[in-house]
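Colleague: Pasting a structure here, questions to come.
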Amino acid sequence: MAIRSGSSGPLIAVVVFVILTVLSMATAIYFFTELKKSDAIAIESKRALAAVVSAGYFDQDPGAKVRQAAEGENKSVVEYLVSKNTEVATVVTGETSADSASVRSALGLKPEQTAKQSLESSRRSVLEAESKTVEQQKIVEQLTAQMATVQAQADEKSKSADEKVLQLTATIEPYRASTEAALASIQELKDQLTKARDEAKSEYANQIAEEKNKQASLVSANQGLSGRVTELQKQLDAFRISPKDPSLLVDGNIIDLAATKDQVYISLGTKDRVRPGMTFEVYSDAMAIMYDPKTDRQTPGYASIEIIKVGDTTSTARVTRKAPRKSISKGDVIANAVYSPTYQYKFLVHGKFDVDNDGKVTDGETDYIRAKIRDWGGVVVEGEEITPDIDFVVIGSIPSKPQMHSMGESDSAYAASLAASRAYDSYQALLTSASAAQIPILNWNRFQILTGAAER
């Protein structure tokens with residue numbers, strides 16, 4: 001039993017040795033394998049590091065500074081550089097990532113121009129601008145000083161002017177009240193004038209309307225006159241004397257022949273109530289006076305005459321028509337179908353006359369004509385309207401056509417202009433009415449000739 005124990009000890013030792021050897025080899029193989037892996041990792045790391053930064057870059061400036069700065073912030077160099085790049089990109093472009101082209105574009109850099117150069121150029125521009133600003137400021141200060149001087153001078157002059165204005169105001173003030181009173185008086189007069197003119201215009205308009213109404217009445221009266229003439233003619237023809245007693249148709253005789261061939265003298269005068277303008281037919285004797293039943297009129301004579309001048313018992317007549325190869329002789333009879341020696345003719349005298357030919361028309365000369373008509377045996381009709389019984393209208397000088405009323409004319413001139421307008425309108429209305437009624441219209445000269453007051 002003791003032998004066996006002594007012989008197993010070396011075996012165990014060998015076994016342990018073998019086991020330890022195997023373990024040692026396994027350990028060596030493991031570590032060798034890990035070493036190989038480490039070497040591969042190291043080589044790969046060196047290769048990756050070389051791709052990032054060259055060998056020895058961080059051993060000298062500026063790499064050493066970058067490494068120190070990264071260590072100070074407890075960052076890797078790559079982390080440090082990426083963070084700084086991000087900061088710069090954010091500051092310059094406003095973005096977290098930007099390349100150099102974006103940065104240059106954001107800074108407005110020219111090709112091959114650095115940010116420092118750009119900043120230096122900008123700083124120089126700013127300095128130049130500040131220099132110019134300083135110069136301009138100096139100019140502004142100079143101008144301000146000049147303006148202050150000018151303002152002081154202007155204030156002094158304004159003060160002097162104000163003093164003069166006060167002096168003038170003090171001088172003018174005593175006249176202000178009287179001037180205002182005068183202006184008020186003038187305004188009051190203007191108002192009164194305007195009121196008076198408005199009233200005059202209204203009155204004139206009313207008168208115009210009244211005259212138009214009168215004209216309308218005259219037109220109606222003229223129509224009545226025309227009808228009356230026709231009716232009277234029918235009545236005269238109805239009571240025509242028949243040829244059984246032709247002598248009753250004779251109104252007068254040709255008593256003599258004038259020196260001129262176209263004038264004769266008849267046996268009728270003012271006592272027989274003949275009038276200038278009246279016409280007669282001339283017959284050889286009373287038997288030649290005939291009445292034509294077809295026309296209801298007296299047959300015409302071989303000649304016609306018109307009274308141009310009237311005497312007391314005789315009158316002068318003008319031959320207006322004569323049959324060929326016929327001559328007027330003494331003793332020839334005259335006849336007018338509507339003539340009546342017992343009739344008194346009525347005259348309407350209108351307007352103003354210049355009887356003495358002195359170039360002035362007056363109311364007194366109008367009264368003179370009315371007196372001559374009465375002396376002649378006529379009747380002067382009062383008023384200014386045409387009536388059916390008027391035989392003649394004796395009219396004065398034509399009034400001048402009134403001018404347009406001016407607002408600047410005086411009251412007297414306005415009144416005169418208004419009176420002239422009324423006279424002109426009345427004159428024209430009377431002419432129209434008399435012409436429509438077929439009433440003879442005589443001026444002063446024709447009145448004299450036809451009444452025998454003047455030589456032909």
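The numbers here are math on the coordinates, done by the rules we state, and not lab data. Quick caveat: nothing in here was measured; it's all calculated off a predicted structure. Don't worry about glycine lacking a Cβ; one is built from the backbone with ideal geometry, like all the others, and counts go over all protein chains shown.
Colleague: Do the alpha carbons of any pairs in 214/352; 330/372; 201/401; 352/401 sit beyond 24 Å of each other, and which pairs?
Modeller: Pairs exceeding 24 Å: 330/372.
Colleague: To the nearest 0.05, how large is the calculated FRET efficiency for residue 287 and residue 357 if R₀ is 41 Å and r is the Cβ-Cβ distance? Don't skip to the answer; put the middle values down first.
Modeller: Numbers: r = 50 Å, r/R0 = 1.21.
The pair residue 287/residue 357 has a calculated efficiency of 0.25.
Colleague: With labels modelled as points extended 7 Å from the Cα through the Cβ direction, what inter-label distance (nm, one decimal) is found for residue 17 paired with residue 182?
Modeller: The two pseudo-label positions are separated by 16.2 nm.
Colleague: Okay, next question. What are the ³J(HN,Hα) values, in whole Hz, obtained from phi via the Karplus relation 6.51 cos²θ - 1.76 cosθ + 1.60 with θ = phi - 60°, for each residue of the stretch 161-171 in sequence order, with x given for Gly and Pro?
Modeller: Calculated HN-Hα couplings, in order: 5, 4, 5, 5, 4, 4, 4, 5, 4, 5, 6 Hz.
Colleague: What is the distance, in nm, between label points placed 7 Å from the Cα along the Cα-to-Cβ direction at residue 255 and at residue 151?
Modeller: Modelled inter-label distance: 11.9 nm.
Colleague: Working out 0.36 nm times the residue gap between residue 385 and residue 119, then minus their Cα-Cα distance, what length gain in nm do you get to one decimal?
Modeller: In short, 84.3 nm is gained.
Colleague: Moving to a separate point now. With the crude spin-label approximation of a point 7 Å out along Cα→Cβ, what separation in nm comes out for residue 160 versus residue 32?
Modeller: 12.3
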